[in-house]
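Notes follow once the structure below has been shown.
Please treat every number below as a calculation from the coordinates, not as lab data. Note that this is a predicted model, so its numbers are computed, not measured. Note that each Cβ is placed from the backbone with ideal geometry, even for glycine, and that neighbours are counted across all protein chains shown.
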Amino acid sequence: MHHKPLHLVLEDGTVFKGKSFGYEKPVAGEVVFSTGMVGYTESLSDPSYAGQILTLTYPLIGNYGVPKDEIINGISTFYESEKIQAAGLIVSDFSFEYSHWNATKSLSDWLKENQVPAVYGIDTRELTKLVREKGTMLGKLVFPDQEDISFVNPDDENQVAKASCTEVITYGNGKNKVVLVDCGVKHNIIRCLLKRDTTVVRVPWDYDFNGLDFDGLFISNGPGNPAYCEATVANIRKAMLSWNSPGICNFTKSWFCC
């Protein structure tokens, strides 16, 4: 099987040479790493990695494939969102053979379906040391025989707005109503809330939820620079001020963030 050469180029000029096993297009973003031994499907579909090129430090990736893309009641059964969120993937050794009772496709096929480039054959230990020592680093995955692209800083755009839902979505029918401000929420957070007899009302990052009746407020984590979330902060501030206003005594309301 022939795989095209694919290079990782860092903003400091460092070049790592590997081979492509994902979608064949160049991509630029912020290079980050994860040290988990398993969970590449969950990490890749996590909205927190939007705009980032994810490095997996565990040496062998892909051996258990990818589960089916199943959505039940608006929530993914096995993923953390409806698609791959990371801009690209970097691994040391990719397993072209996979085996798992729940697998329906290879990691390579899933990446190609989502048009996400990926490279293997990279010394991920050395790369991780560089990122740890130098901090945030921009990088790009480029094919040496194709046109070059510029570096892209994902913090130059509002990644939260990209990752958030665009309309109000309600899940479950529990006795406790929780408003979830979606700044890039993982689906497992919704699953965990639903297990606790809740009705989850998921609202966009800039939605003014103060007119809703609810028992708890949940602010999710998410990608990018939180400085863009001025509307979110304003809505949370308004809610907290109203709960603490003179004459209002409502001890049922609570708020928490991830």
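Report D for the chain in µm² per second (integer): Stokes-Einstein, Kirkwood Rh on Cα pairs, 25 °C, 0.890 mPa s.
Working: Rh = 19.8 Å.
Approximately 124 µm²/s, per Stokes-Einstein.
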Next on the checklist: Using the basic label-point model (7 angstrom from Cα toward the beta carbon), what is the Met240 to Asp93 distance in nanometres?
Outcome noted: 4.9
Item to check | Estimated dipole of the chain in Debye, rounded to 20 [Cβ of Lys and Arg +1, of Asp and Glu -1, Cα centre] | outcome: 720
Checklist entry - For a paramagnetic label modelled at 7 Å from the Cα of Ala103 toward its Cβ, which residues of region 121-144 fall within the zone defined by backbone nitrogen distances under 19 Å? => result 121
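Which three semi-axes in whole Å describe the equivalent ellipsoid of region 5-155, each the square root of 5 times a Cα gyration tensor eigenvalue, listed largest first?
Details: eigenvalues 122, 51, 44 Å².
Semi-axis lengths for region 5-155 are 25, 16, 15 Å.
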Item to check | trypsin sites (Lys or Arg not before Pro) lying in DSSP loop within region 125-228, provided at most 14 other Cβ fall within 10 Å | outcome: Lys175, Lys195, Arg196
Item to check | Sequence of Met137, Met37 once ranked by neighbouring C-beta atoms within 10 Å, starting from the fewest | outcome: Met37, Met137
Next on the checklist: Quick one: 3J(HN,Hα) in Hz for region 211-221, Karplus 6.51/-1.76/1.60 with θ = phi - 60°, rounded, Gly and Pro as x.
Outcome noted: x, 8, 9, 8, 9, x, 10, 10, 9, 7, 7
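Normalised by the number of residues in the chain, what is the relative contact order in percent for Cα pairs under 8 Å and 6+ residues apart? Can you show the working numbers first?
Details: 587 pairs, mean separation 52.6, N = 258.
Taking the mean separation of contacting Cα pairs over the length of the chain, I get 20 percent.
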Checklist entry - With the dipole of region 159-257 worked out from charges on the C-beta (+1 for Lys and Arg, -1 for Asp and Glu) around the Cα centre, which of Thr199, Pro226, Phe209 lies farthest toward the positive end? => result Thr199
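Can you pull out the trypsin sites (Lys or Arg not before Pro) in region 34-122 that DSSP calls coil and that have at most 12 other Cβ atoms within 10 Å?
Working: sites: Lys68, Lys83, Lys105, Lys112; in loops: Lys68, Lys83.
Sparse-neighbourhood loop trypsin sites (Lys or Arg not before Pro): Lys68.
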Checklist outcome for this item: Share (percent) of C-alpha pair distances in region 34-84 greater than 12 Å works out to 64
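Please identify every one of the GluC sites (Glu not before Pro) in region 91-142 that sits in a loop by DSSP and has no more than 13 other beta carbons within 10 Å of its own beta carbon. Write out the running numbers ahead of the final one.
On the way: sites: Glu97, Glu113, Glu126, Glu133; in loops: Glu97.
When the GluC sites (Glu not before Pro) of region 91-142 are filtered for loop state and at most 13 Cβ neighbours within 10 Å, Glu97 remain.
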Item to check | Stretch in the chain that is longest and holds no chymotrypsin sites (Phe, Trp or Tyr not before Pro) that DSSP places in a loop and that have at most 10 other beta carbons within 10 Å | outcome: 102-250
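How high is the FRET efficiency between Arg125 and Asn225 when r is their beta carbon distance and R₀ equals 45 Å, given to the nearest 0.05?
Working: r = 29 Å, r/R0 = 0.64.
FRET efficiency, Arg125 to Asn225: 0.95.
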Checklist entry - Among the lysines, which have Cα under 26 Å from the Cα of Lys134 when same-chain residues fewer than 8 positions away are ignored? => result Lys17, Lys19
Checklist entry - Which of the aspartates and glutamates could a cross-linker span from Lys105 if the Cα-Cα distance has to be under 14 Å and same-chain partners fewer than 8 positions apart are dropped? => result Asp69, Glu70, Glu97, Glu113
Checklist entry - Which of the lysines could be linked to Lys186 by a straight reach, that is with a Cα gap under 21 Å, when you skip same-chain ones fewer than 8 residues away? => result Lys68, Lys83, Lys162, Lys177, Lys195
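What percentage of all Cα-Cα pairs in region 159-257 are separated by more than 19 Å? Walk me through the intermediate numbers first.
Details: 1897 of 4851 pairs.
Cα-Cα pairs in region 159-257 separated by more than 19 Å: 39 percent.
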Checklist entry - Size of the dipole of region 153-250 about the Cα centre, Lys and Arg at +1 and Asp and Glu at -1 on the beta carbon, nothing else charged, in debye to 20? => result 520
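Want the number for Asn188 to Cys165: 0.36 nm per residue separation, take away the alpha-carbon distance, what's left?
Details: separation 23, 0.36 × 23 = 8.28 nm, distance 1.55 nm.
Working it through step by step, the gained length comes to 6.7 nm.
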Next on the checklist: Output the 0 to 90 degree angle, nearest 10, between the alpha-carbon long axis of helix 124-134 and the longest principal axis computed from the alpha carbons of the chain.
Outcome noted: 60
Checklist entry - Between Val15 and Met37, what is the FRET efficiency for a Förster distance of 22 Å, r being their Cβ-Cβ separation, to the nearest 0.05? => result 0.20
